[in-house]
Every structure is written in structure tokens, then in C-alpha cells.
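Enquirer: First, the structure itself, so that you have it in front of you.
The values are calculated or read from the model by the stated rules, or taken from the named source; none is laboratory data. Worth saying up front: this structure is predicted, and the values here are computed from it rather than measured. Reconstructed Cβ throughout: ideal geometry from the backbone, glycine too, with neighbour counts over all protein chains shown.
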Amino acid sequence: MGFSPKGVTTLGRWFGLRMNVFLVTALALAPWSASEAMQTSSAHKKTVQKHAKTASKTAKPAAKGSARGTKGHAKTTVSAARGKTAAHAAAAAAISAQTARLNSAFLASSQLRPMAQQLAATRSAMAYDGVSSYAKAHPGDGAATAYLALGHAYMLDKRFADAAATYRMAGSAGDALSDYADYLGAQAALAANHSTEAYGLLDRFAERHPGSIFIPNAPVLLANLYLSANNPQGALKVLSSPDAAPQSTHADFRFAQAKAYQAIGDTANASALYRKIFTAQPMTGEASQSRNQLAAMGVPLSAAERKIHADALYNAKHYAEASVEYHSLEKNDPGLSQGDRDALEIYAAVCDLRLKRLGRRDAEKLPQTDDDSAALKKYLLAEIARNENDTKGNDREVADLVQRFPHSRWTEEALYSGGNMHLLKHEQVEAISDYESLVRLFPNSTYAPSAHWRCAWMSYRLRKYTEAARLMDEQITMYPASTEASSALYWRGRLYEDEGRDFGQAANYYRALNANYVNFYYAVLARQRLAVIGGQSGAVQPASPLASVRVPAVPALTGELPENDPHLIKARLLANAALNEFIGPEIQASADSAQWGALAQAEIYVSFGEYTRALQSMKHSGIPFFSIPMNKVPVVYWHLLFPQPYWNDLVANSQKNGLDPYLVASLIRQESEFNAGAVSPANAYGLMQLLPSVGKAAAKKDGLKGIDARSLLNPSINLQLGTTNLKQVLDRFGGQAEYALAAYNAGDTPIRRWLSTNDYKDVAEYVESIPYSETREYVQAILRNREMYRALYPVR
């Protein structure tokens with residue numbers, strides 16, 4: 001199994017808001033095997049040794065700097081001769097002292113991390129006792145770090161008084177993470193109604209903790225403290241401070257400010273802020289609180305505001321909540337016209353459609369309206385026809401939408417859905433018609449690049465090569481940043497090569513593809529084509545259609561970490577306390593972290609064997625790895641992006657089944673990101689995401705007994721059974737990796753159905769023709785990643 005990889009008078013005007021689609025994935029961390037634990041211990045030991053060396057180098061200079069500061073010397077040292085002022089020297093000495101202190105704290109807590117991680121994950125009595133015992137046995141910063149881990153766990157368990165007391169102990173035991181002890185302690189104290197304690201922790205926070213990541217947040221927390229003490233003027237004053245400015249658009253800031261205005265009787269400012277939170281930040285906890293506060297003030301939300309709120313819930317895929325809001329507004333607002341109520345009933349119906357609880361009779365009973373909600377009703381009927389496999393019914397509704405509502409976003413939605421329906425049915429002419437209409441009527445639609453490419457590709461599949469060539473060149477020039485741009489470059493080159501016999505122009509497209517999408521699936525194929533046409537292409541200048549091909553920006557990345565950077569060391573120390581959510585923000589607080597922050601965060605995770613976290617942090621770093629030549633990025637980044645956990649078992653089981661280990665590694669990277677404990681919504685388990693039934697069948701073939709679902713979370717067992725299963729899938733498809741990978745993701749039946757047309761010129765054409773976007777991208781990603789693994793870890 002795989003995964004993938006407005007208005008005032010009538011509500012009908014309000015639905016101009018685009019309902020964006022968001023995908024959210026949740027990931028679990030995997031346990032690691034004994035061999036992995038040994039590797040982890042080794043990596044962690046190296047990190048500790050490196051810190052010990054750094055600490056010894058910085059300790060003496062730091063001590064000297066501190067002594068100079070204590071004695072109040074105004075003179076500068078050798079650095080003064082180089083033009084540095086006394087202030088600069090003092091600042092450097094302070095940083096050096098902080099670095100030494102943080103390094104010392106890291107060393108003192110170097111064995112805490114596994115226990116702290118276990119506590120954060122389980123919060124069992126045994127886990128609490130283990131971290132508590134560690135704190136008692138490691139006085140100073142070791143204890144402080146352990147108490148932070150305990151406080152964090154108590155907060156997760158909503159034991160606020162215990163958390164406050166533990167954070168207090170952290171602040172007393174050591175000062176390396178004193179800003180965390182104070183800020184998190186203040187949060188706990190406020191939650192426990194210990195106002196005096198919280199105030200003491202927040203008083204002069206920025207002055208006491210210069211450079212802390214909590215400086216922008218502290219004023220909001222302090223403002224809430226003032227509010228709890230019935231001092232709204234104090235809250236407003238602290239929220240107007242320069243330190244608070246970076247948070248001024250955040251929901252918690254606005255809510256505290258609104259409460260302060262409300263407390264002093266400034267209803268206008270308070271209600272304006274509450275309304276802004278409710279409409280512009282509807283997914284925050286403060287949104288529902290804002291609604292309650294407005295009700296308490298006797299200030300009703302307008303129908304328009306409630307509609308905007310409901311639309312936002314829909315956009316965030318909170319369909320049930322959106323439906324409730326639409327229905328509530330429809331039934332309970334006496335100021336609405338019948339037309340508005342009818343529109344709201346239809347808006348609620350689209351939520352029911354998404355929740356799969358709207359039938360044809362329900363849709364047909366919806367009221368007739370004369371605004372955009374009439375288009376929405378037609379869209380609902382079109383979707384129901386599609387769900388019922390009524391192709392002609394869908395076509396009728398879509399055609400009526402195009403004629404009657406040519407500019408409605410529901411026409412746009414219906415055209416894309418209709419095109420997809422015909423695509424899945426291999427009805428290429430009909431699909432092209434819908435996609436063409438979408439691009440013509442909605443050229444700036446988020447769907448337009450995809451729809452345009454599908455027109456180009458299906459024209460190619462229909463062997464209408466002149467039309468396909470025109471559309472491919474349009475794709476390159478009109479949508480140069482689209483995900484389909486690399487596909488257009490490759491297949492336009494193939495048309496020049498195969499149909500036009502213009503090898504020079506084909507080479508232009510292949511070279512442009514290789515230069516701008518160097519690590520993409522199609523760049524691999526382009527290099528293969530260049531090798532085939534070889535000397536036939538000659539040396540020619542790029543043609544004009546290639547002028548719009550985007551040029552990737554190469555970021556200034558370094559493979560060397562600034563070991564004396566306080567934020568970096570602090571992030572490593574936070575990892576020891578399992579305060580994982582603060583690792584990234586702490587690193588980003590360093591001025592030059594753009595050059596090394598992604599590396600630092602990933603290496604922190606890898607040093608404890610958390611390969612999945614490291615891989616995810618690299619993927620989410622924003623670095624365009626697949627557009628950058630490998631030699632332009634330090635190799636350590638590539639190794640983190642393409643890791644080798646469980647490598648010995650992986651290779652052994654691959655070779656046993658006659659499989660390419662690089663292909664297996666690439667499949668695992670796509671399936672589970674090397675998370676041995678992953679369980680998918682489809683009930684697939686472990687590294688290679690095996691269904692229990694598949695695992696049992698493979699176990700029977702291998703002569704293993706007693707295999708159940710939990711067994712598949714064991715990396716060794718999963719690799720053994722997963723490679724056996726993958727070999728069987730490959731054998732069913734004649735050893736062709738592209739077919740087997742597609743079947744691994746989507747199952748055998750659709751693959752055989754797609755193959756039954758038997759009119760593909762080559763395997764690459766088959767891959768591009770896979771109608772399931774998830775499966776097509778899955779196959780391309782694994783084959784691309786296999787080449788990356790081969791390049792990074794060549795067989796010697």
C-alpha cells in the first residue's frame with residue numbers, strides 16, 4: 001500500500017471566496033532496533049565529544065571575558081587594536097560565556113534525551129520516575145534540563161501546579177535555559193492561578209533574557225496576567241510595547257487586546273477585534289471565545305460575518321462544523337430574506353456532499369434560487385451524477401453550467417471534476433473538452449496548469465502530434481512554474497526527436513530540462529535521450545520557446561555548522577529535554593541560520609536515531625533540492641535527505657529476493673519515510689507499509705509462523721516480508737519496475753486495466769498516462785529517488 005506521496009444584500013454574493021484544499025498528514029515516530037540503537041549511541045557519543053572539545057576551548061576565554069566585565073574594565077584587548085569597541089568586546093565575551101555555559105549544560109544532560117522522549121510520548125508513571133531520578137542524580141544544568149522535560153510533560157497532562165513547581169526547580173538548578181524555565185513556568189503559573197509567581201517570571205523578561213525566542217510572546221502572556229488581576233490598562237500598555245509588535249496580528253495578541261478594551265468599556269475597539277478574529281482567524285481557539293465575548297457584550301455578529309466564518313471552516317475541510325454554522329444562520333437569523341435562507345440551505349448541502357451524506361433526492365429538493373447558489377445546486381447534481389456513474393447526466397449538468405453560469409467558481413469546479421471523470425474512463429475526447437473549457441473560461445484557475453497539460457497529453461495519446469506540440473510549448477511559456485513543466489519539456493523534446501527527426505531541437509529541450517530540473521524524474525529520462533541521440537544533435541543554440549523556462553535559485557548552504565552559535569547549542573540542549581517543538585524556532589533565531597539551519601535541525605534528530613524526523617525536516621526546509629545539481633549542495637544534506645537506516649537488513653533481504661536495494665530504499669522512503677512504527681489510515685504497517693493480509697501471505701511463503709499486525713512493526717520482519725512481497729509483485733508484471741510500483745500503490749486491477757489498451761510506445765508513456773495523480777507521482781518519485789541513492793552510495 002502507498003500513500004501519497006460577501007455581499008450585503010444576498011448571501012449568494014458572498015461565495016466568491018475560493019475554497020482552497022489543504023492536506024495535513026500526521027506522522028508517528030518509530031522505535032528502532034538494537035543495531036540502530038548502537039548506531040544512535042555512536043552518533044550521539046560523537047556529538048558529545050565534539051561539545052566537550054568546544055566547551056574546553058570556550059571556557060577559558062569566557063572566564064576571562066566575564067572577569068573583565070566584573071572588574072569593569074573600559075579598555076579593550078587585542079580586538080580593540082583591530083577596530084572593535086569596548087562594547088563589541090563585552091558583547092563577544094558575553095556570547096563566549098553563554099556558549100561555554102550552554103555547552104556545559106549539553107554535556108551535563110547528554111544521557112537524558114531517550115528518557116525525556118519516552119516521557120513526552122507516554123507520560124507513564126515509570127517515565128516520570130525515570131526523568132525525576134535523573135534530575136536528582138545530576139545536579140546543576142543536568143537537573144535543570146530534566147526538570148524542563150518534567151514540566152513539559154506535566155503541562156501536557158494539564159497538571160499546571162505541578163508544572164509550575166517543576167519549572168521553578170529548573171530555574172533554580174541551572175541557568176542555561178533560564179528563559180525557557182521562566183516563560184514556560186509563567187505559562188504554567190498563570191494556568192494554575194499563581195499570578196504573583198507568573199508576574200515575577202515575566203517582569204523585565206526581555207532585559208533578563210536578551211535574544212530569547214520568547215521576547216515577542218512574553219508581552220501577551222504578561223497582558224493576560226494583568227487581565228487576570230483586573231488591570232486592563234496594564235495589559236494595554238504592555239501590548240503596545242515594541243517587544244510585542246511582532247505578535248500583533250496573532251490571534252492570542254488580538255484576543256488579549258480585545259479583552260482589555262472590553263474591560264475598560266471600549267466596546268467599539270473590543271468588538272472590532274473580536275470580529276476580526278472570528279472572521280479572519282476562524283480555526284484558532286480564540287475564534288469561538290471571541291463569539292462568546294461578543295454575545296456577553298450584547299454585540300451580535302452580522303449574517304455576513306457568520307457566513308465568512310462558515311466559508312473558512314469549509315475551506316479548512318471542517319465540513320461538519322461549517323454545515324452546523326450554515327444551518328444555524330439559516331434558521332436563527334430573523335433578518336434574512338427567503339432568498340438568503342435558500343442559499344444557505346444549498347451551502348449546507350455542499351458540506352453534506354463532502355461528508356458523503358447527500359443523495360440525489362436531497363439535492364433535487366433544494367430550493368431554486370437566482371444567484372450563484374443556483375450554480376452550486378447544478379454542481380451538486382453534477383457530482384451526484386458522477387458518483388452514480390451517470391456520465392451523460394454529469395455532462396448535461398456541466399454543459400448547463402457553462403451556458404448559464406460561465407463565470408461561477410462552481411462551473412470551474414464542475415469542469416475539472418468532469419474532465420477527471422472522463423480521464424479515469426479513458427474518454428479522452430470528452431476529457432479534453434471539459435479541460436479546454438476550464439482553461440478558456442478560467443485561465444487563472446489553480447486547476448488551469450493541470451487541465452492545460454492534460455489537454456496536451458491526451459492530444460499526444462490520440463496521436464494528434466501537431467496539436468500536442470502547440471499545447472506543450474504553451475505549457476512551458478504560460479505555466480513555467482507548474483508541476484507539469486518538466487513533463488512538457490521532455491515530451492516536446494520527444495516529439496522533435498521521434499516525429500520531427502530534429503535531433504538538435506530535441507537536445508535543446510532535454511538540456512533545458514536537465515539544467516532546470518536536474519533531479520526530477522524526467523531529467524533522468526532526458527539524460528538517457530541525450531545519450532541516445534548523441535552526435536546526431538550537434539551543438540545548437542536554445543530555441544525561443546525555452547526562454548521562459550525557470551532558472552532555479554541555488555541557496556547559499558554550508559556543510560559546516562557554527563559550533564559556537566548559542567542558538568544552535570541551545571537547540572541541541574532542548575532536544576535533550578524533548579522540547580522538540582522549540583528546536584526549529586531556536587535555530588531560526590540565529591541571524592545566518594538560512595545557510596545551515598536545515599542541516600542543524602536534521603543532524604540533531606539523526607544524532608538520536610530519529611531518521612524520520614530528520615528526513616521530514618529536510619523535506620520541509622523549503623530548499624529546492626530536486627532543482628539543484630548535487631555538486632552545488634554539501635553532500636551531508638543529500639545523505640540526510642536520502643538516509644540509510646536499517647541498511648544491512650535492507651540489503652540482505654533485497655539480495656535474497658533478487659531486488660535492487662536502491663529501489664527498496666526508495667520505496668520505503670516514499671511509503672513510510674523510514675518510520676518503522678508507521679500505521680496508515682488504510683491499515684498498512686511498518687517500513688514497507690504492508691497490509692496484515694499481505695504480510696501473512698508473505699510469511700507463509702517464507703515459512704514464518706505467528707505473524708500478526710504488530711509483528712509488521714518490527715523492522716527486520718517487515719523488511720523480510722516486504723521484500724518477498726515486492727518480488728512477487730514484480731514477477732506478476734514481468735519484472736517491469738514501473739508496472740510493479742504502480743500496482744504496489746494502487747493494486748493490480750487498475751494497472752492491468754490501464755495496460756489493456758496496449759498502445760503505449762514505451763514505459764515512460766505508460767507512466768505519464770496513469771490517471772491517478774497519486775500513483776503517477778508515486779512511481780516517478782521512487783524511480784527518481786533510486787537514481788539519487790545510486791549516485792550517493794555507489795557500489796564499490
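Enquirer: Show the residue pairs meeting these rules: Cβ distance below 6 Å; 6+ apart or different chains; first residue within the stretch 168-193 and closer than 16 Å to Thr99 by Cα; second residue among the β-branched types (Val, Ile, Thr) and in a helix (DSSP H, G or I).
Expert: From the stretch 168-193, no pairs qualify.
Enquirer: Could you look through the stretch 387-444, keep only residues that are within 23 Å of Asp371 (Cα to Cα) and of a type in the set (Gly, Ala, Ser), and pick out the one that is surrounded by the most Cβ atoms within 10 Å (Cβ to Cβ)?
Expert: Among those that are within 23 Å of Asp371 (Cα to Cα) and of a type in the set (Gly, Ala, Ser), it is Ala414.
Enquirer: Any residue at all in the stretch 587-605 that is touching a His at 6+ places or on another chain (Cβ under 7 Å), surrounded by 24 or more Cβ atoms within 10 Å (Cβ to Cβ), modelled with pLDDT of 95 or more and farther than 17 Å from Leu112 by Cβ?
Expert: The answer is yes, given that some residue of the stretch 587-605 is touching a His at 6+ places or on another chain (Cβ under 7 Å), surrounded by 24 or more Cβ atoms within 10 Å (Cβ to Cβ), modelled with pLDDT of 95 or more and farther than 17 Å from Leu112 by Cβ.
Enquirer: Output yes when any residue across the stretch 705-718 is closer than 29 Å to Leu599 by Cβ, at pLDDT 95 or above, crowded, with 21+ Cβ neighbours inside 10 Å and among the polar types (S, T, N, Q), and no when none is.
Expert: No - not one qualifying residue is present in the stretch 705-718.
Enquirer: Could I ask something else about it? Go through the stretch 571-654 and tell me which helices (runs of 4 or more DSSP H), entirely inside it, have 1 or more residues that are closer than 21 Å to Tyr793 by Cβ.
Expert: Details: elements: 583-588, 597-606, 611-619, 635-641.
The qualifying helices (runs of 4 or more DSSP H) are 597-606, 611-619, 635-641.
Enquirer: Is it true that some residue in the stretch 461-482 is small (Gly, Ala, Ser) and under 21 Å from Pro629 (Cα atoms)?
Expert: Initially, the stretch 461-482 is screened for residues small (Gly, Ala, Ser), giving 468-469, 481-482.
If we keep only those that are under 21 Å from Pro629 (Cα atoms) too, we end up with 481-482.
Within the stretch 461-482, one or more residues are small (Gly, Ala, Ser) and under 21 Å from Pro629 (Cα atoms).
Enquirer: State all residues of the stretch 326-339 that are among the charged types (D, E, K, R) and at pLDDT 95 or above; if no residue qualifies, say none. Before you say what the answer is, go through the steps one by one.
Expert: Kept after step one, since they are among the charged types (D, E, K, R), are these residues of the stretch 326-339: 330-331, 333.
Residues satisfying the conditions do not exist here.
Enquirer: Moving on to the next point. Report whether or not Ala270 is assigned to a helix (DSSP H, G or I), among the aliphatic types (A, V, I, L, M) and either farther than 23 Å from Ala229 by Cα or within 34 Å of the chain's Cα centre (by Cα) (or both). Give the derivation first.
Expert: Working: assigned to a helix (DSSP H, G or I): yes; among the aliphatic types (A, V, I, L, M): yes; either farther than 23 Å from Ala229 by Cα or within 34 Å of the chain's Cα centre (by Cα) (or both): no.
No.
Enquirer: Moving on. Scan (1) at pLDDT below 90; (2) in a loop (DSSP other than H, G, I, E, B); (3) not small (Gly, Ala, Ser) for the single condition Thr483 breaks and write down its number.
Expert: The number of the failed condition is (1).
Enquirer: How do the helices (runs of 4 or more DSSP H) wholly within the stretch 333-412 filter down when requiring 1 or more residues that are under 21 Å from Lys317 (Cβ atoms) and not hydroxyl-bearing (Ser, Thr, Tyr): which remain? Reasoning before the result, please.
Expert: Numbers: elements: 338-354, 360-364, 372-387, 391-404.
Output list reads 338-354, 360-364, 372-387.
Enquirer: Mind checking whether some residue in the stretch 463-482 is basic (Lys, Arg), out of contact with any His (no Cβ under 6 Å at 6 or more places or on another chain), at positive phi and surrounded by fewer than 17 Cβ atoms within 10 Å (Cβ to Cβ)?
Expert: yes
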